[in-house]
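Nothing in this text is a laboratory measurement; each read-out follows from the coordinates by a stated rule. Keep in mind the model is a prediction, meaning the values are calculated, not measured. As a convention, Cβ positions derive from the backbone with ideal geometry for all residues, glycine included, and neighbour counts pool all protein chains shown.
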Amino acid sequence: MSAFLAGRLLTLIPVLWGVSIVVFLLIHLLPGNAIQMFLGTQVAMTPAQMDELRRLFGLDKPLALQYVDWITHLLRGDFGVSLRTSRPVLPDILRRLPLSGEITLLALVIALVIAVPIGISAALRRGSAVDAAIQLGGLAGLSIPNFWLATMMLLALGNVGSIASIGIYVGFFADPVRNLAVMLLPSFSLGIALAAVMMRFIRSSLLEVLGHDYVRTARAKGLREQLVLYRHVLRNALIPVITVVGFQAGYLLGGTVVIEEVFALPGMGRLALAAIDQRDYPVVQGVVLVIALLFVLVNLAVDLTYALVDPRVRYG
Amino acid sequence: MNAKRLGWLLLALVVALSVPVLGAGAAPAKVTLTFGVDQEVVGLDPNKVTAFSSFRRIDLLYNKLVTYDAGLHVVGDLAESWDNPDARTYVFHLRHGVQFHDGAEMTSADVVYTLNRILDPKTASPGRSYIDVIDGVTAPDKYTVRIHLQYPLASLLSGLASGNAAIVERSAVERAGDLQKTEAGTGPFMLAEWVPDNFMRLARNPRYFKRGMPRVDEVVFRVIPEQASLLAGLRSRSLDMATISDGSVVKQAQAAGTLNVQQAPSLNLRIFSFNTTRKPFTDPRVRDAIAFAIDRQAIINAAEFGLGVVSGPIPAPDKVWALPVSSFPEYHANPARARQLLQEAGAAGASFNITVSPTYEGGLAVAQVIQSQLKAVGLNANIQNVEWGQYINLWVKRDFDSMVELRGGDPDPDRFLYRTFYSTGAVNNFLFKDAAVDKLLDRGRVHVTVAERLPIYHDVERALVTGAPAVFLYTPMESQVMQTYVKGFRIIPTGALNYLEQTSVAR
C-alpha cells in the first residue's frame, strides 16, 4: 500500500510539470498582454514608457527565460506577484481556496443527498410512473445550465427579500449560520446537475446488480428484502459510484468559476477569471497549477477509498 | 419514503435560509451605506493606476489641487484659489489646516513631492502626459505652490483635476514604497478594511476639512460582477445603492417602482472608428457617407435601451464646449446622400470588418445595428466579434478595418481631442492625419480663455464630423440605482463619486 502511494505521488511530478508548461504556453499565446490590458484604450503612453513597464513586469525577456524564472521560483515555493494588484500570488490563492473547496464539498453533499435515495427508488420501481417522472426530472437537471439556474434563483429570492441572495461572505468557522446562508444557493445551483448525473448512474448500477445471480440466491434463501438491498445490492452497486464522485469533484471545482462570478463570492474561480481577463500571468498559472494538484490528489484519494470499500481491491 | 423525507428536509432548509432574517443583530449605531459595484479596484495608488474602478474609491480617499463640480467647472479643492501671473506660471494658494488621514498637516511640500512623483519617469504614471508640460514646481512658503510651464497649456487645470493628480503624503509613500494597497490621503473617507473581490469598507474621516461631511459613518463597497445580481441585491435591500450599466437591468429597476433611478449622460463617447489607412476608408467621402447612413438615435434605442444622448466629437454633457448636434448636417440620417457619396468614391457595395467585443465597452449590440443600417446603403459589414484581450491587442496594433469603441472624454477639449485626433496623438488609432485639424488643435491649447478657445474648438468639431476619422455616435447614460431613503447623491459627468460625501441615509 505505501509503495503504491509513493509510486502514485511520484507520478504527480511529471503530471504537474506538464501542466505548468501547457498553462504557461497557453496563457502567453493569448493575444494581448498584461500591459495592454492594464492601459486599455484610454491611456496615452509613449513607447519609452511602455518599455519601462515591460521591463518592470519582466515581460521584455524571451518566453523560455520567463518560464525558467517562474518555475525556479515555484520550486522555492514562490508563486510570484500579481501583475495587476502587485500582491503575492500564493497567499491570495490560499485565502480563496477554502471558499471554493466549501462550495465543491457542499455541492457534492447536496448532490448525494438528492441522488442516492431518488436513484434507489427509481431502480426499485423500474418501469413505473414514479421511475418515469424521476427520469424526466433527471433529464431536466442535466440540461439546465447552472449559471442560468443560479441567476433565476437570485432573481426569485431577490423579489422576496432574502439574506440568502447576496450576502457578504464570511468563513464557516467565523459564523456558520451566515456562512451557510451565503453558500447554500451557490452550492445548490452547482450540485443540482451533478445530482442528476449521479441519480441516473446509481439507478443503472443498481439495476445491473439486481440482475445478478447472488441477488437471486439471497432472495431464494429467504433473506428479508431490506437485508438483500442493504447488504448485497447497495454495497456492490455503490462502488462504481465512488469513482464517479471522485471525478466529478474535480469538475465541480472547475464549475465554481462561473458560480462564484454570479454570486459575487471571492473564491479561486473568480480570481482566475479576472486574471485571465487581465492577462495576469502569474495568477492564472498559479491557480491552474493548484487546481491541477487538487484534481490529481482527489483522484488518488478516490483510488484509496476504493480499496477500503471493496475488499477485492488491493494495492501493492 | 426515505428519499421523500430527505427531499422535504432539504427544501425546508433552503426555505428557512431564504426568509428575511428580521432583527438580525440590534440596530447598529453606525450609519452605513452599502454600495454595489461591478468591478474590483486594481490598485489604490492614485498617481499610478489607470482603472476607472480604482478612481471611484480614490475620489473618496484623496483630494486634488482642483476638481470639477457637477456642471464641469474647475473649482478649488486643496487649493483655495490660484492666479496666473503670466501664461506659463500658475500660483496655487492652499487651504490652511488640511490634515492627512494620519493627522499630519498637508503642506506645499506634499504638493511639490506629488507633482514631481508623477513627472518622474520611474513612477510610470499615466498622469504624466497630462502635466509633462511642467518644467518646475516650487514651494515659496508652506501654503503656496508655484508651477512653471515650458509653454502655455490651457488644459493644465484639467490635468491637475484628474484622479491621477491626487495629492499624496510624502512620508507615507516613503514608508510604504507605493500606495497600491494602502492610502495616505486627505479625502472624506479613510480605508478601514479591504478584502479583495469581496468588499471594501471606508470609514468617515473625522478630520475632513469640509465641516459636517461626510454624512454617513461608513461606505461599504461590494463587488458584484453580475448586473442581475446587483439588482437582486437592491431588491433584497442588501444594497443601498448600486451602479448599474446594463440598460435592460436599469429598465427593470425603473419598473420595480420601489427604487430611485438617477441618470445623467457621462463624458464617455461611443464612436464607430475607421482605420483611415485601409480601403475603403482612405477616402474621406466614404467615411462621410457612413456618417450620413447612420441613424444615431436608432442605435441608442436598440443597443442602450434608449439610455444615451446623441453627441458630436466633444461629449454632449460638456456644455461649455460642445456644439449642438443640430449644427452637423451628418446628424440627420440621409441614406440617399450616403449612396451618392459612395458612388462618387467608387466604394458602392464595399465589404469590411467591424471589430467588436461582447464584454466591457466592446459594443457588440451597437455593431449589429450599424451593420443593418449600412446594409441599407449597400455596404457589407462583417462583424468580427473577439474576446476583450484580443480586442485591445488589435486596437494597439491598429489591426482593424473599423471598430466600435468607447472613449473616455474629458471636460477640457484639449485633453480629449489632442491625444485622440492629432496626427501623432497617442491614442489616434484611426491613423488620421489632417494638417488643418492639427493646426487648430495646436492653437486651441496655447490660449487660456474660453472666449479665445471656443471658436477654435467649434471649427475642430465641424472638421472632425466631416473628415470623420470616426462616426461620433452618443454618450451613454450613467445610472445609479438607490433606495428611496438614500438622499443627496448627484451624478457628475466625469463619473466621480464625490457627492457621496454629501449623501445621507435615513432608513
**Q.** Spatial extent of the range B:399-470: Rg and Dmax, with the Cα atoms as the point set, Å
**A.** 12.2, 40
(Q) At 222 nm, what value in deg cm²/dmol follows for chain A if DSSP H runs of at least 4 each add -39500 (n - 2.57) and the sum is divided by all its residues, to the nearest 500? (A) -25500 deg cm²/dmol
**Q.** Within chain B, percent of DSSP bridges classed antiparallel, to nearest 5
**A.** 75
Q) Rounded to the nearest 20 Debye, what is the dipole magnitude of the range A:46-94 about its Cα centre when Lys and Arg each give +1 and Asp and Glu each give -1 at the C-beta? A) 60
(Q) As I understand it, the dipole of the range B:319-425 uses +1 on the Cβ of Lys and Arg and -1 on the Cβ of Asp and Glu, about the Cα centre. Which of B:His332, B:Leu417, B:Ile354 lies farthest toward its positive end? (A) B:His332
Q.
For the range A:1-98, compute the orientation-averaged projected area of the C-alpha convex hull (one quarter of its surface), in nm².
A. 8.7
Q: For every helix of n ≥ 4 consecutive DSSP H residues, a contribution of -39,500 (n - 2.57) applies; sum these over chain B, divide by its total residues, and give [θ] at 222 nm rounded to the nearest 500 deg cm²/dmol.
A: -9500 deg cm²/dmol
Q) Which aspartates and glutamates, on any chain, are close to B:Lys439 with Cα under 17 Å apart, when same-chain ones fewer than 8 places away are left out? A) B:Asp414, B:Glu452, B:Asp459, B:Glu461
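In peptide A:184-190, how many Cβ atoms from other protein chains are near each Cβ within 10 Å, on average?
Numbers: counts 6, 3, 0, 0, 3, 0, 0.
Per residue, the number of nearby Cβ atoms from other chains is 2 on average.
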Q: Could you give log10 I(q)/I(0) at q = 0.10 Å⁻¹ for chain B, computed by the Debye formula over C-alpha point scatterers of equal weight, without solvent?
A: -0.85
Q: Work the Kirkwood hydrodynamic radius out for the range B:42-99: mean of 1/r over every pair of different alpha-carbon atoms, inverted, in Å.
A: 13.2
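Which translational diffusion coefficient, to the nearest whole µm²/s, is obtained for the range B:56-144 from the Stokes-Einstein equation, given a Kirkwood hydrodynamic radius over C-alpha pairs, 4 °C and 1.567 mPa s? Let's see the in-between values first.
Details: Rh = 14.3 Å.
So the translational diffusion coefficient is about 91 µm²/s.
What is the Rg over Rh value, at two decimals, for the range A:217-258, using alpha-carbon atoms and the Kirkwood definition of Rh?
Working: Rg = 16.7 Å, Rh = 12.5 Å.
That ratio is 1.34, to two decimals.
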Q) Taking amide hydrogens as modeled 1.01 Å from N in the peptide plane, which residues meet the under 5 Å criterion relative to B:Ser357, leaving out close sequence neighbours? A) B:Gly362, B:Gly363, B:Leu364, B:Val386
**Q.** Cα centroid of the range A:76-91 to Cα centroid of the range B:385-413, whole Å
**A.** 30
Q. If you look at just the Cα atoms of chain A, how large are its Rg and its Dmax in Å?
A. 24.1, 88
Q: May I ask for the Rg/Rh ratio of the range B:160-238, computed from Cα atoms with Rh as the Kirkwood radius, given to two decimals?
A: 1.04
Q) For chain A, which span is the longest to avoid every loop-located (per DSSP) member of trypsin sites (Lys or Arg not before Pro) having at most 11 other Cβ atoms inside 10 Å? A) A:77-220
Q: Enumerate the calculated ³J(HN,Hα) couplings along the range A:105-115 in order (Karplus 6.51 cos²θ - 1.76 cosθ + 1.60, θ = phi - 60°), each rounded to whole Hz, writing x wherever the residue is Gly or Pro.
A: 5, 4, 4, 5, 4, 4, 4, 5, 4, 7, 6
Q. Just for the Cα atoms in the range B:107-230, what are the lengths along the principal axes, largest first, rounded to whole Å?
A. 50, 33, 30
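Convex hull over the alpha-carbon atoms of the range B:226-348: what's its volume per residue in Å³?
Details: hull volume 17.0 nm³, N = 123.
Given the Cα convex hull of the range B:226-348, per-residue volume reads 139 Å³.
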Q) Just the Cα atoms of the range B:352-499: what Rg and Dmax do they give in Å? A) 18.2, 55
Q. Can you give the convex hull volume per residue for the Cα atoms of the range A:42-139, as a whole number of Å³?
A. 213
Q) Counting only DSSP beta bridges with both residues in the protein assembly as shown, what percent are antiparallel, rounded to the nearest 5? A) 75
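For the range B:379-454, which trypsin sites (Lys or Arg not before Pro) are in a loop by DSSP, counting at most 16 other Cβ atoms within 10 Å?
Numbers: sites: B:Lys397, B:Arg398, B:Arg407, B:Arg415, B:Arg419, B:Lys433, B:Lys439, B:Arg443, B:Arg445, B:Arg453; in loops: B:Arg398, B:Lys433.
Taking the range B:379-454 and a limit of 16 other Cβ atoms within 10 Å, the loop trypsin sites (Lys or Arg not before Pro) found are B:Arg398, B:Lys433.
Rounded to the nearest 20 Debye, what is the dipole magnitude of chain B about its Cα centre when Lys and Arg each give +1 and Asp and Glu each give -1 at the C-beta?
Working: 51 positive and 50 negative charges, 197 e Å.
Value, rounded to 20: 940 debye.
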(Q) Placing one identical point scatterer on every Cα of the range A:226-316 and ignoring solvent, what is log10 I(q)/I(0) from the Debye formula at q = 0.10, 0.12, 0.23 Å⁻¹? (A) -0.41, -0.54, -1.08
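Taking beta carbons within 10 Å but only from partner chains, what does the mean come to for residues B:46-59?
Values: counts 0, 0, 1, 1, 6, 5, 2, 0, 0, 0, 0, 0, 0, 0.
Counting other chains' Cβ atoms within 10 Å and averaging over B:46-59 gives 1.
Can you pull the semi-axes for the protein assembly as shown, root of five times each eigenvalue of the Cα gyration tensor, sorted largest first, whole Å?
Details: eigenvalues 586, 201, 150 Å².
Gyration-tensor ellipsoid for the protein assembly as shown: 54, 32, 27 Å.
For B:Ala289, what is the net charge nearby, where nearby means another residue's Cβ is under 13 Å from its Cβ and Lys, Arg count +1, Asp, Glu -1? Write down the numbers at each step before the final one.
On the way: positive: B:Arg285, B:Arg287, B:Arg337, B:Arg339; negative: B:Asp283, B:Asp288, B:Glu330, B:Glu344.
Residues close to B:Ala289 contribute a combined charge of 0.
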Q.
Give the residue list of trypsin sites (Lys or Arg not before Pro) in the range B:209-269 that are DSSP loop and have at most 10 other beta-carbon atoms within 10 angstrom.
A. B:Arg211
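Just tell me how shielded B:227-240 is by partners: mean number of partner chain Cβ atoms within 10 Å of each residue's Cβ, no decimals. Display every interim value, and only then the final one.
Values: counts 0, 7, 11, 3, 4, 13, 6, 2, 10, 12, 4, 8, 1, 0.
Taking all residues of B:227-240 together, the mean is 6.
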Q.
Pick from A:Met268, A:Met153, A:Met183 the residue whose mean-square fluctuation is largest in a GNM of chain A, springs joining Cα atoms under 10 Å.
A. A:Met153
Q: Could you pull out the chymotrypsin sites (Phe, Trp or Tyr not before Pro) across the range B:472-507 that fall in loop regions by DSSP (anything but H, G, I, E, B) with no more than 15 other Cβ atoms inside 10 Å?
A: B:Tyr485
Q | Residue-by-residue Karplus 3J(HN,Hα) for the range A:222-233, coefficients 6.51, -1.76, 1.60, Hz, glycine and proline x | A | x, 5, 5, 4, 4, 5, 4, 5, 6, 7, 9, 7
Q: May I ask you to list the lysines whose Cα is less than 21 Å away from that of B:Lys122, ignoring any residue fewer than eight positions away on the same chain?
A: A:Lys61, B:Lys48, B:Lys181
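Could you give the size of the charge dipole of the protein assembly as shown about its Cα centre, using +1 on the Cβ of each K and R and -1 on the Cβ of each D and E, expressed in debye and rounded to the nearest 20?
Working: 75 positive and 68 negative charges, 510 e Å.
So the magnitude is around 2440 debye.
Checking a compactness column here: for the range B:373-417, what do you get for Rg(Cα) / (2.2 N^0.38 Å), N being the number of residues?
Numbers: Rg = 14.3 Å, N = 45, 2.2 N^0.38 = 9.3 Å.
Working it through for the range B:373-417, the quotient is 1.53.
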